[in-house]
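Have a look at the structure below before the remarks.
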Amino acid sequence: MTIHFVGAGPGAADLITLRAAAMLSAADVVLYPGTYLDAEVLGHCRAEARLVDTQALDLNQIISELVDSHATGRDVVRLVSGDPSLYSALAEQTRRLEAAGVPWDVTPGVPAYAAAAALVGRELTVPLVAQSVVLTRAQARSTAMPESEALAGFAATRATLALHLAITRTRETMAELVGDYGPDCPVIVVHRASQPDEQVLRGTVADIADQVEDAGLRQAAVILVGRALDPSGGGESFLYDPARDRSSLG
């Protein structure tokens, strides 16, 4: 059998892919991140499937569950929040599975930053304002960031920032960004996008920390920062410009 790493999306049961839903409906064992997942996502699973919440398990315990299930011929889905390409611990899990001779594959999911942008109806790459998005995180009680990825370096680009795992360091993060983005730069915080308790805070670099602290947010939030979040700004795309010569496109 193959271990299927599946993106669970931002949390809503109807924001997973058709492939993910099919895998869940066929799985004998499903490991899922209970901290970030709306329980309704598990409604795609068979009633007799074994469900394992990984929020209290360490890496060795998770791998043991995967390897043991594989050894007994059971079909296994390892759900990860959002998309497996971002902050999913995919690298260390798959290294261990390969060492154990266990095959695996990956099914993508809707990333949290995309769900956040959709909820507030904003494009993160607005012509003449921002054409790049930086996906990064803050460091608190977490793995050390590479020295070359200091937030100040990303801030110097003034690209749109999508900050993960940073909600408990919002005030410190905004202090690092104010010099490049300015105190009036728009900031949007989205907590549990697509889930029943989703929450949106809109503010600026100068005041968003106060809002976050007043709301008591501690986890499962994405912070979007950048001038592209201002709906009144920006130009128009050359791709759709009426003046563009389209004679050679037919």
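The list [x] 20.4, 64; [y] 17.1, 51; [z] 18.5, 58 gives values of Rg and Dmax of the Cα atoms in Å, and only one came from this structure; which label was calculated from it?
Working out Rg and Dmax of the Cα atoms in Å from the coordinates points to [x].
Subtracting the Cα-Cα distance from 0.36 nm times the residue separation, let me have the gained length for GLU123 to GLU98 in nm, one decimal.
Residue separation times 0.36 nm, minus the Cα-Cα distance, leaves 5.1 nm.
Sketch the reach of a paramagnetic label on GLU48 as a point 7 Å from Cα along Cα-to-Cβ, and name the residues of segment 1-33 whose backbone nitrogen lies under 12 Å away.
Counting backbone N atoms under 12 Å from the label point, the list is 28.
Say each of ALA150 and ARG218 gets a label point 7 Å from the Cα, pointing the same way as Cα to Cβ; how far apart are those two points in nm?
3.2
Rounded to the nearest 0.05, what FRET efficiency do GLN61 and ALA91 give with R0 = 25 Å and r taken as the Cβ-Cβ distance? Could you check?
So the FRET efficiency works out to roughly 0.90.
Carbon and sulfur together cover what percent of the accessible area of the chain at a 1.4 Å probe radius?
Roughly 51 percent of what the probe reaches on the chain is carbon or sulfur.
Specify the inter-centroid distance of segment 1-52 and segment 88-141, based on alpha-carbon positions, in whole Å.
Distance between centres, Cα-based: 18 Å.
Using θ = phi - 60° and the Karplus relation 6.51 cos²θ - 1.76 cosθ + 1.60, list the HN-Hα couplings for segment 151-161 in order, rounded to whole Hz, with x at every Gly or Pro.
4, 4, x, 5, 4, 4, 7, 6, 6, 5, 9
For segment 112-229, report the accessible area per residue in Å² (1.4 Å probe, heavy atoms, rounded to an integer).
48
GluC sites (Glu not before Pro), restricted to segment 1-93: which are DSSP loop and have at most 14 other Cβ atoms within 10 Å?
Those that pass, being in a loop and sparsely packed, are GLU48.
For the chain, what is the percent of antiparallel DSSP beta bridges, rounded to the nearest 5?
Around 40 percent of the beta bridges assigned by DSSP in the chain are antiparallel ones.
For segment 3-107, give me the percentage of DSSP beta bridges that are antiparallel, rounded to the nearest 5 percent.
Beta bridges within segment 3-107, antiparallel portion: roughly 5 percent.
Out of PHE5, VAL178, ALA206, whose Cα points farthest toward the positive end of the dipole of the chain (charges: +1 Lys, Arg; -1 Asp, Glu; placed on Cβ)?
The listed residue farthest towards the positive side: PHE5.
The values are calculated or read from the model by the stated rules, or taken from the named source; none is laboratory data. No experiment lies behind these values; they were computed from the predicted model shown. Because the Cβ atoms are built from the backbone with ideal geometry, glycine has one as well, and the counts that use them run over all protein chains shown. Accessible surface is based on the protein model in full, side chains and every heavy atom, while ligands, DNA and RNA are left aside. Shrake-Rupley method; radii C 1.70, N 1.55, O 1.52, S 1.80 Å.
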